[in-house]
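Let me begin by presenting the structure, written as structure tokens, before commenting on it.
The values are calculated or read from the model by the stated rules, or taken from the named source; none is laboratory data. Because the structure is a prediction, the values reported are computed rather than measured. Cβ placement follows ideal geometry from the backbone for every residue including glycine, while neighbour counts extend to all protein chains displayed.
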Amino acid sequence: MGLRDFIRAIREYPAALAELRRTQQALERSEQTCAALRDEAGERADHERFLTSQLAAVQTALVGFCPRLSSLEDMKRFYDTVSPSLDASGFTLYRMAKELTGIDVSSFFPYEDSRGLFTEADGRQLLRWLTAAHFHAVDWSIVPGTTYERAALREVDTAAPEYREFERQLYEKVLERMGFQHLLTPDRDEASRVPRHPLPQPKRGDTR
């Protein structure tokens, strides 16, 4: 190192030292932040384990103290109690109905879907359309000037045995999906149940 370089190094030393101290301070702050994050992660993990244990205890208590959900009315009442927390928008209800029937609302009603009718619909609104399609409670009419058919839903006979059986299977599936299968009575004769793979539904609402 020449004299000129030595003099330059002396002049630059205070700035380099200040930069080193700033770097050390930033490193210390980073280490403190990492330590705080580790502590927070540990607390969250402990809380998650507590909630998991609490949920298991609650489920055990439900099985021990609550009667089995043997009737459709019992299952619906139980669902209505827990749904504000577990299925507020009703999409679990709709997805299980879709799985049970094989009906996709958007495909079954393409005209209404093309107009965005289902874009903002919640699960319970979609379920109404699915139920009408499944039980053939739909009137169709040609949209003037097009080859599309518009759907008008009729009321479904909710007292019919077929509808009651559909609802029973639906709420059984929903409660099983939510983790309450231990509260349900054992399955009944499968011969009386809706087929798991239903016959294909006709596609309506588009070109005849």
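Evaluated against (1) out of contact with any Ser or Thr (no Cβ under 7 Å at 6 or more places or on another chain); (2) assigned to a loop (DSSP other than H, G, I, E, B), T147 falls short on exactly one condition, (1). Scanning the stretch 141-161 for residues that are of a type in the set (D, E, K, R) and exposed (fewer than 11 other Cβ atoms within 10 Å of the Cβ) yields a single hit, E155.
Restricting attention to the stretch 154-167, does a residue exist that is in a strand (DSSP E or B) and under 23 Å from R115 (Cα atoms)? No, every residue in the stretch 154-167 fails to be in a strand (DSSP E or B) and under 23 Å from R115 (Cα atoms).
How many of the residues in the stretch 80-106 are of a type in the set (S, T, Y) and modelled with pLDDT under 95? Lay out the reasoning, then the answer.
First, the residues of the stretch 80-106 that are of a type in the set (S, T, Y): 81, 83, 85, 89, 92, 94, 101, 106.
Still in the list and also modelled with pLDDT under 95: 81, 83, 85.
Of the residues in that region, 3 qualify.
A single entry from S141, S83, S107 fulfils the requirement of being without any contact (Cβ under 8 Å) to a residue 12 or more places away in the chain and in a helix (DSSP H, G or I): S83.
The listed residues are E99, E112, and the only one of them that is part of a helix (DSSP H, G or I), farther than 27 Å from V143 by Cβ and not hydrophobic (A, V, I, L, M, F, W, C) turns out to be E99. In the stretch 185-206, the condition of being at pLDDT 80 or above, assigned by TED's automatic domain parsing to the domain that holds E99 and surrounded by 11 or more Cβ atoms within 10 Å (Cβ to Cβ) is met by no residue.
With the requirement that a residue be in a helix (DSSP H, G or I) and over 11 Å from K76 (Cβ atoms), what does the stretch 173-183 give you? Spell out how you get there, then give the answer.
Step one: of the stretch 173-183, the residues in a helix (DSSP H, G or I) are 173-177, 181-183.
Within the stretch 173-183, K173, E176, R177, Q181, H182, L183 meet the criteria.
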